[in-house]
């Protein structure tokens, strides 16, 4: 089959680290252009804006949108209206309603819209999902603690309204939990700690449950120095699961679980290719919906200024 | 047809003012019980809790849930699991995800779930909706200003996390706007003013748009003394509409529009009866989704303490 001619809009850290290598390793895709104000990829035709790229006459089938979520809707609308398939980095937008609007537009245009959640493609996720279909979870504990200074240097957008703060990494945990739990969960209580000089939380404690009364606790914190933690611990009636490193390591009853080897972004692009070939879309807003619920239901507590 | 045996859970101001008279005036319903910790209705069997009512053996087909949103999920779950049709007062829940969970449960149980939005049943709403299908809106301005001290005396729950604050009345405006606009809108920018000693906003300014670029502005304020305002002003290319009094009065190009006479709650109960007879549900979360979007995307500004 002819490779899908792909462009990337919004070139930054995640593109250099993840998208570009995954695309280079997948013969179903050919990277033909980028649109980005300040960055480009060696050997790939570079445009400054989405409009310039779409007007250039360059043949493009699909576009990956990797700019901050506050700017994603307008880019997605332009791409969909031009008839391109669209891959949305997580989170798929700044609001739930704009994602609904994009879903409708993609259906109208007959193109693929993929709201990606890279952590769902971590190797332990499907293994644990299958395990929990056999063994109902009773208690789930999510501990997601990292150092914002290390992972988001100079990224002011994460602190601005719509930037989500600690939910930017936390939504990765929520994307895993919503994928593996057999029942849909919902928030019962939340506390958001917002630095006095910022708009988005630096920490959050969340308590969810589901129709069966499963107890799901989440602890997101961006102030962790030293060792970083991206763990999910699950107790069922007879087993104890421990996902570590964001789903890249799994321990079942203290023994290491065997995991497939494919990486997150290679798996995401394989899925995007399948969606395009099957003329279908995949837009699950559940992780973003839980974040919106947390902002709406959560108690907001002011904490130390972040500098 | 045999009347539907109806119960009410959570008896308070809205029940005495609206539900009880609407039910009394509708021969399709027979009010058989209430469940409420502190209040009851003269001549109707009274229970203290939902569980007590469901266990009592009283024959009940359907239950209207009128307690504050923070307590609605658990009551709805009990009612649905007992096989009752459920009418949810607005807002349908404290989170979007719990409403999703209730939708799934109602479908599983084969009963009706109705997430009601009473303002959508104001007499001008369907008239304006039809008008805007012929005349595309260009600019919409919502002004919803009322005196919280007058309308919500001693209702502490509105100031607690999940109580929504000024969005409690504002969601009525959003329920009208989402009903009448031909295109789905989404939030672009929001400012929420939260009193220094409270958890929920006392005022909000919201700017929405839609796929056609319609400009929708909303101004919600709970500090209005004197005249109260529940207005929506709409400009199309050739007409000017002014909905006043929450959709109870309509002016088209400065002339009064003719409106049907049915009241909001009688219309809601007529619709609930139809849903039950047709074995269908009606759960549109769009107004609550816009509120969640506003909490997530909005800039939070601290304002004077409210006492």
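General remarks:
- The stretch B:48-96 shape via C-alpha gyration tensor axes, a/c threshold 1.5: prolate
- Footprinting exposure proxy ranking of A:303, B:225, A:34, B:2, fewest other C-beta atoms within 10 angstrom first, gives B:2, B:225, A:303, A:34.
- A point 7 Å from Cα along Cα→Cβ stands in for residue B:130, and the other copies hold the same point at 5.8 nm, listed in rising order.
- Relative contact order, whole percent, for the stretch B:103-205 stands at 31, derived from Cα pairs under 8 Å and 6 or more residues apart.
- Between A:124, A:207, A:76, the Gaussian network model of chain A with springs among Cα atoms under 10 angstrom shows the greatest mean-square fluctuation at A:207.
- Taking 0.36 nm per residue of separation and subtracting the current Cα-Cα distance, fully stretching the chain between residue A:147 and residue A:74 would add 23.2 nm.
- Axis of helix B:167-180 versus longest Cα principal axis of chain B: the two differ by about 80°, to the nearest ten degrees.
- GNM result for chain B, Cα springs below 10 Å: residue of B:98, B:264, B:156 fluctuating most strongly: B:156
- Of all the options B:173, B:106, B:20, the one that moves most in a Gaussian network model of chain B with Cα springs shorter than 10 angstrom is B:20.
- On Cα atoms only, tilt of A:124-134 relative to the major axis of chain A in degrees: 50
- The distance linking the stretch A:108-166 with the stretch A:34-79 is 24 Å (Cα centroid to Cα centroid, whole angstrom).
- Antiparallel bridges, percent of DSSP beta bridges restricted to the protein assembly as shown (to nearest 5): 50
- Chain B: angle of helix B:96-109 to the longest principal axis, Cα-based, in degrees nearest 10: 40
- Here is the tail figure for the stretch A:4-115: Cα pairs spaced more than 26 Å apart come to 10 percent of all pairs.
- When the helices of chain B are scored as -39500 (n - 2.57) per DSSP H run of n ≥ 4 and the total is divided over every residue, the value at 222 nm lands at -8500 deg cm²/dmol.
- FRET efficiency, residue B:81 to residue B:42 (Cβ-Cβ, R0 25 Å, nearest 0.05): 0.25
- Computed on the Cα trace of the stretch B:165-235, the radius of gyration divided by the Kirkwood hydrodynamic radius gives Rg/Rh = 0.99.
- Taken residue by residue and averaged, Cβ atoms of other chains lying within 10 Å of the Cβ of B:185-193 number 4.
- Inter-copy label distances at residue A:215 (7 Å, Cα→Cβ; nm, one decimal): 5.4
- Near-label residues of the stretch B:171-190 by backbone N, under 15 Å of a point 7 Å along Cα→Cβ of residue B:130: B:180
- Seen from every direction in turn and averaged, the convex hull around the alpha carbons of the stretch A:245-296 projects onto 6.0 nm².
- For residue B:27, the distances from its label point to the matching points in the remaining copies are 7.6 nm, ordered from shortest, with each point set 7 Å beyond Cα toward Cβ.
- FRET efficiency, residue A:30 to residue B:270 (Cβ-Cβ, R0 56 Å, nearest 0.05): 0.45
- If both residues of a DSSP beta bridge must be in chain A, then about 50% of such bridges are antiparallel.
- For chain B, the equivalent ellipsoid derived from the Cα gyration tensor has semi-axes of 32, 23, 18 Å, listed largest first.
- Likely footprinting exposure, A:16, A:71, fewest C-beta neighbours within 10 Å first: A:16, A:71
- Spin-label pair residue B:139/residue A:245, simplified geometry with 7 Å Cα→Cβ offset, distance in nm: 5.8
- Over the protein assembly as shown: Rg over Rh, Cα atoms, Kirkwood Rh: 0.98
- Spin-label zone in the stretch A:126-144 - amide nitrogen under 17 Å from a point set 7 Å from the Cα of residue A:236 along the C-beta vector: A:126-141
- Percentage relative contact order, chain B, counting C-alpha pairs under 8 Å, at least six apart: 20
- Going by neighbour counts of Cβ atoms within 10 Å, the residues B:4, A:63, A:180 line up, fewest first, as B:4, A:180, A:63.
- Each residue, residue A:229 and residue A:212, gets one label point 7 Å from its Cα in the Cβ direction; the gap between the two is 2.6 nm.
Laboratory data are not the source of any read-out in this text; all were calculated from the coordinates shown. It should be emphasised that the depicted structure is a prediction, and the values quoted were computed from it without experimental measurement. Here the Cβ is made from the backbone with ideal geometry for all residues, glycine too, and neighbour counts use every protein chain on show.
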